[in-house]
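I have placed the structure first, in the form of structure tokens, so that the comments after it can refer back to it.
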Amino acid sequence: MPAQPLELILARQFGDSLGMPCFLVDPEGNLLFYNEAAETIFGLKFGETGGMRVEEWATVFTPTDSEGNPIIPEDLPLVKTISTKSPAFGSFYIDSLKGDRIHITVSSFPIMGRPDRVLGSMAMFWKTEDA
Amino acid sequence: MKVKVWGCRGSLPAPGPENKIYGGNTSCIQVMHGEACIILDGGSGILRLGKYLSPEITEVHVLLSHLHMDHTMGLGFFAPLYNPKITVHLYGPSTSNEPLVNRLRRYFSPPLFPVRLSELPRHPIIHELNTSEFKIGDVTVKSDYICHPGPTLGYRLTANKSVLAYLPDHELQMGSVNFPNDPEWTSGFEIANGADLLLHDAAYTSKEYVSKIGWGHSSIRDAIAFGKMCKVKKLALFHHEPIRSDEQLDQMLLDSTQNLKLNFEVEICAEGKTYDLG
């Protein structure tokens, strides 16, 4: 398997050292890494699941709006960042694999390498009180 | 591909009788293959390289890993830059904003240096690199960003299936996840994988590294672990600290390898040493 670009290696190092949940994806949206804090929210262990394809992670947590309507993957902040290569922000509900309904707020941003290369995206999550 | 070391000291030239074996000049490597004359970095070692360059050579390619002073301080004293019959190509890492030529002009201008780039008899041809692959004669050059403060490239040179990997300034622990167990998440792996000769940063002992994390350099122990991960045939330890004597370098190597069972050669890189990679 080819090695990851330096920027993604450093992003993973950064995410791994954070106490707030984060996701790291490649330019196609495939999940490369999520940290320990994200494991706590989602009820999954990265060591057990490894990476996931975008179709998988974007639906596995059944994201919904405040009225319980499903949110299509294209409307999720991280998926927007992947497709537009620009920052995105949003709040919604997910079901953790333990069955809890959790309200989260997400900020995502593209990872642009020198001089102008799109290498992936990163998302930070906050577990927030119900809106 | 013939490789000659003209400088392997890090940070600052360190001439002196205590450094006679491994040398005092900073980073500079010459690679000759057929008509191609490739120079890796323009540290203080490039002065002597220029002095002894064959008069038949009319084109040289200088590949800069990055623009820290110990890798560029010799450029102004590189004789071919003052010879209008020689075409000099200068390659270096791209940044997001400032062109390479502007960054080189900072060195080639007062108060750092009296001669400006524009005053040279023949302006060098500037090439910006990032994750690139291209050919110089029959040598394939691959460059990729590696973990070191500021934009820094590692180089992989391939000719006749022989591979030279050059990572003179590289911090493995900062640029890797779960080092040394996951090549996919290790900075520089693509550059060094399966190399016949790897020239790699080994500035510190493991004990010293603890107080220098983030400075952009590796310990000798990490460099050896990286060589093992990359399954190189030979590892030459590079970027010797300027305060380190020949005796101390020998002791560092002994301390780091005496309990290891390695299936590749490890040595301290020495100024003047040549390697024939076939």
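Read the figures in this text as sums done on the coordinates, not as results from a lab. Given the structure is predicted, the values throughout are model-derived calculations rather than measurements. Cβ placement follows ideal geometry from the backbone for every residue including glycine, while neighbour counts extend to all protein chains displayed.
Averaged over B:122-134, how many beta carbons belonging to a partner chain fall within 10 Å of each residue's beta carbon? Could you put the intermediate results ahead of the total?
Working: counts 0, 0, 0, 0, 0, 0, 2, 1, 5, 6, 0, 0, 0.
Counting other chains' Cβ atoms within 10 Å and averaging over B:122-134 gives 1.
Residues in the range B:138-177 near a label at B:E59, defined as backbone nitrogen under 12 Å from the 7 Å Cα→Cβ point?
Counting backbone N atoms under 12 Å from the label point, the list is B:138-139.
What's the average, rounded to a whole number, of partner chain beta-carbon atoms within 10 Å of each residue's beta-carbon in A:105-115?
Working: counts 0, 0, 0, 0, 0, 0, 0, 1, 5, 10, 10.
For peptide A:105-115, the averaged partner shielding equals 2.
Translational diffusion coefficient of the protein assembly as shown at 37 °C, 0.692 mPa s, Stokes-Einstein with Kirkwood Rh over Cα pairs, in µm²/s as a whole number.
Values: Rh = 23.0 Å.
In µm²/s, the coefficient rounds to 142.
List the trypsin sites (Lys or Arg not before Pro) within the range B:134-184 that fall in a DSSP loop (any state other than H, G, I, E or B) and whose Cβ has at most 12 other Cβ atoms within 10 Å.
Working: sites: B:K135, B:K142, B:R156, B:K161; in loops: B:K161.
Answer by residue number: B:K161.
Would you please give the FRET efficiency between A:E48 and B:E265, computed as 1/(1 + (r/R0)^6) with r the Cβ-Cβ distance and R0 = 25 Å, to the nearest 0.05?
Values: r = 40 Å, r/R0 = 1.59.
Once rounded, the FRET efficiency stands at 0.05.
Could you work out [θ]222 nm for chain B from helices alone, using -39500 (n - 2.57) per DSSP H run of at least four and dividing by all its residues? Round to the nearest 500 deg cm²/dmol.
-4500 deg cm²/dmol
Mind listing the long-range amide H neighbours of B:C37? Cut-off is under 5 Å, sequence gap 5 or more, other chains count too, H placed in the peptide plane at 1.01 Å from N.
Amide H to amide H, under 5 Å and 5 or more residues apart or across chains, B:C37 pairs with B:H61.
Please grab the % of Cα pairs in the range A:6-127 that end up more than 22 Å from each other. Each step should come with its number before you reach the end.
Details: 1975 of 7381 pairs.
Of all Cα-Cα distances in the range A:6-127, 27 percent exceed 22 Å.
Take the Cα radius of gyration of the range B:101-150 and divide it by 2.2 N^0.38 Å, with N its residue count; two decimals is plenty. Walk me through the numbers on the way to the answer.
Details: Rg = 14.5 Å, N = 50, 2.2 N^0.38 = 9.7 Å.
Rg over 2.2 N^0.38 Å, computed on Cα atoms: 1.50.
Expected output is a single nm value to one decimal: the length gained when fully extending between A:D116 and A:T84, i.e. 0.36 nm times separation in residues minus the C-alpha distance. What is it?
Working: separation 32, 0.36 × 32 = 11.52 nm, distance 1.48 nm.
This chain segment gains 10.0 nm when fully extended.
Fewest first, what order do B:T131, A:T40 take by the number of other Cβ atoms within 10 Å?
Numbers: B:T131 17, A:T40 12.
Neighbour counts put them in this order, fewest first: A:T40, B:T131.
So what J values fall out for the range B:87-98 if you push phi through Karplus, 6.51 cos²θ - 1.76 cosθ + 1.60 with θ = phi - 60°, rounded to Hz, Gly and Pro as x?
8, 10, 9, 10, 10, x, x, 6, 10, 6, 10, 8
Could I get the Rg over Rh figure for chain B? Both from C-alpha atoms, Rh via Kirkwood, rounded to two places. Write out the running numbers ahead of the final one.
Values: Rg = 17.7 Å, Rh = 18.7 Å.
Ratio of gyration radius to Kirkwood radius: 0.95.
What does the charge dipole of chain A about its Cα centre add up to, to the nearest 20 debye, if the Cβ of each Lys and Arg holds +1 and the Cβ of each Asp and Glu holds -1? Numbers along the way, then the final one.
On the way: 10 positive and 18 negative charges, 81 e Å.
That gives chain A a dipole magnitude of about 380 debye.
Could you calculate, for the range B:1-106, the ratio of the Cα radius of gyration to the Kirkwood radius, expressed as Rg to Rh?
Values: Rg = 13.8 Å, Rh = 14.2 Å.
Ratio value, two decimals: 0.98.
Could you derive backbone 3J(HN,Hα) for the range A:62-69 from the dihedral phi with the Karplus parameters 6.51, -1.76 and 1.60 (θ = phi - 60°), listing whole Hz in sequence and x where the residue is Gly or Pro?
6, x, 9, 7, 5, 9, x, 6
Which residue, A:F89, B:P110, A:A3, has the largest displacement toward the positive end of the dipole of the protein assembly as shown when charges sit on each Cβ (Lys, Arg +1; Asp, Glu -1)?
Of the options given, the answer is B:P110.
Which value, in debye to the nearest 20, describes the size of the charge dipole of the protein assembly as shown about its Cα centre when Lys and Arg Cβ atoms bear +1, Asp and Glu Cβ atoms bear -1, and nothing else is charged? All intermediate terms of the calculation are to be shown ahead of the outcome.
Numbers: 36 positive and 48 negative charges, 306 e Å.
Here the protein assembly as shown has a charge dipole of around 1460 debye.
Pairs to check: B:K51/B:K234; B:K2/B:K135; B:K161/B:K233. Give those whose C-alpha atoms are more than 19 Å from each other in this structure. It would help to have the intermediate numbers written out before the result.
Working: B:K51/B:K234 29 Å; B:K2/B:K135 17 Å; B:K161/B:K233 13 Å.
From B:K51/B:K234; B:K2/B:K135; B:K161/B:K233, over 19 Å: B:K51/B:K234.
Going down the list B:K4/B:K261; A:K98/B:K212; A:K127/B:K142; A:K80/B:K212, which pairs span over 32 Å between their C-alpha atoms? Can you show the working numbers first?
Details: B:K4/B:K261 28 Å; A:K98/B:K212 43 Å; A:K127/B:K142 44 Å; A:K80/B:K212 40 Å.
Violating the 32 Å limit, Cα to Cα: A:K98/B:K212; A:K127/B:K142; A:K80/B:K212.
In chain B, which Cys residues have no partner Cys with a Cβ closer than 4.7 Å?
Those would be B:C28, B:C37, B:C147, B:C230, since no other cysteine Cβ in chain B comes under 4.7 Å of theirs.
What distance in nm lies between label points placed 7 Å from Cα along the C-beta direction at A:V60 and A:K127?
About 1.8 nm, to one decimal.
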